[in-house]
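FYI, it's all coordinate maths here, none of it is from the lab. Since the model is a prediction, treat every value here as computed from it, not as a measurement. Heads up, the Cβs are rebuilt from the backbone with ideal geometry, glycines too, and the neighbour counts pull from every protein chain shown.
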Amino acid sequence: MPDHRPQAPVPVPLSGTVSRADDHAFVQRLIRTLDPAHPAPDRLAADLLARFGSAGMMLSAHVGALDEVAGRGTVMPPLLAVAREAALRLYRGRVRRTDVLSGQTGLEAYLQACMGHEVIEQFRVLFLDEGFHLLADELMGTGTVNHSPVYPREIMRRALRLGAARLVLAHNHPAGRAEPSGADIEMTLRIAQLGRLMRVEVHDHIIVGNGRTLSFRAAGLLG
C-alpha cells in the first residue's frame with residue numbers, strides 16, 4: 001500500500017564533501033518523494049549511485065542514461081530530470097550572487113552539473129563584470145563527441161555587447177578525462193590574445209570531465 005503521507009522537502013546537495021552513506025540516504029529519500037509507490041527505493045538508490053558515482057552526478061545525467069538504470073517506462077527518469085533542473089537553478093542562483101574568485105568550488109560544481117554527463121562536446125562562456133559577477137552564461141558551440149567549434153570573434157562580440165570585463169571559458173570532455181589537449185591550449189591562448197586587444201580578460205578555462213574538472217588558471221596554462 002503506497003504511503004501518501006506528506007513528505008518533507010528534499011534537500012539538494014550543492015557543495016561540500018558528502019559521504020557515500022549521505023548520498024544513498026538522499027537518493028533513497030528523493031525516490032520515495034518522487035515515486036511513493038516504487039517497490040524498492042533502497043535498491044534503486046544503490047544502483048543509481050553505482051552507475052553515476054554520486055547524487056550530484058546522478059542529477060546531471062541524461063534521461064536516457066537514467067532509463068538504463070531505472071527502467072524504461074517508469075516515472076523516475078523524467079521526475080529526476082525535473083529535480084536536475086531545480087538543482088541547476090539553485091547552482092546558477094548561487095553563482096550569480098557571489099563572485100567567481102570566492103566561489104570557484106561552487107562554479108566548478110555548477111559546470112559539472114551542466115555538462116558532466118553530456119554525450120557531445122559543448123563550449124560555454126560565462127561573461128563576468130569587473131567585480132567577477134555573472135552577467136550571462138551562454139552555450140557558444142556544440143559539436144561531436146570530441147570537438148565543438150569555437151569562434152573567438154563571436155565570443156568577443158558577445159562580450160562587448162554585454163559589457164563584460166572578464167570571461168570564464170568552459171567545455172566538457174564526454175570521454176571523461178579532464179586533461180587539456182594541445183588544441184584546447186592553443187584555442188584558449190588565441191581567445192586570450194584577442195581578449196587582450198579588446199580589453200576583455202580570459203580569467204579561466206575549465207574543462208569538465210565525468211566527475212572531474214581542470215582549471216587552466218590553477219594549472220598555469222593561461223600564459
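Need one word for the stretch 101-140: rounded, prolate or oblate. Basis is the Cα gyration tensor (sqrt eigenvalues a ≥ b ≥ c); a/c below 1.5 gives rounded, then a/b vs b/c decides. Oblate shape, in that a/c is at least 1.5 and b/c is the bigger or equal ratio. Quick note on the stretch 145-185: its Rg to Rh ratio, both from C-alpha atoms and Rh being the Kirkwood radius, is 1.04. Which shape class, rounded, prolate or oblate, goes with the stretch 38-79 when its Cα gyration tensor gives a ≥ b ≥ c as root eigenvalues, a/c under 1.5 marks rounded, and past that a/b bigger than b/c marks prolate? It comes out oblate by the Cα gyration axes.
Based on the Cβ-Cβ distance of Arg153 and Glu179, what FRET efficiency does E = 1/(1 + (r/R0)^6) give at R0 = 41 Å, to the nearest 0.05?
Numbers: r = 27 Å, r/R0 = 0.67.
That pair, Arg153 with Glu179, gives E of 0.90.
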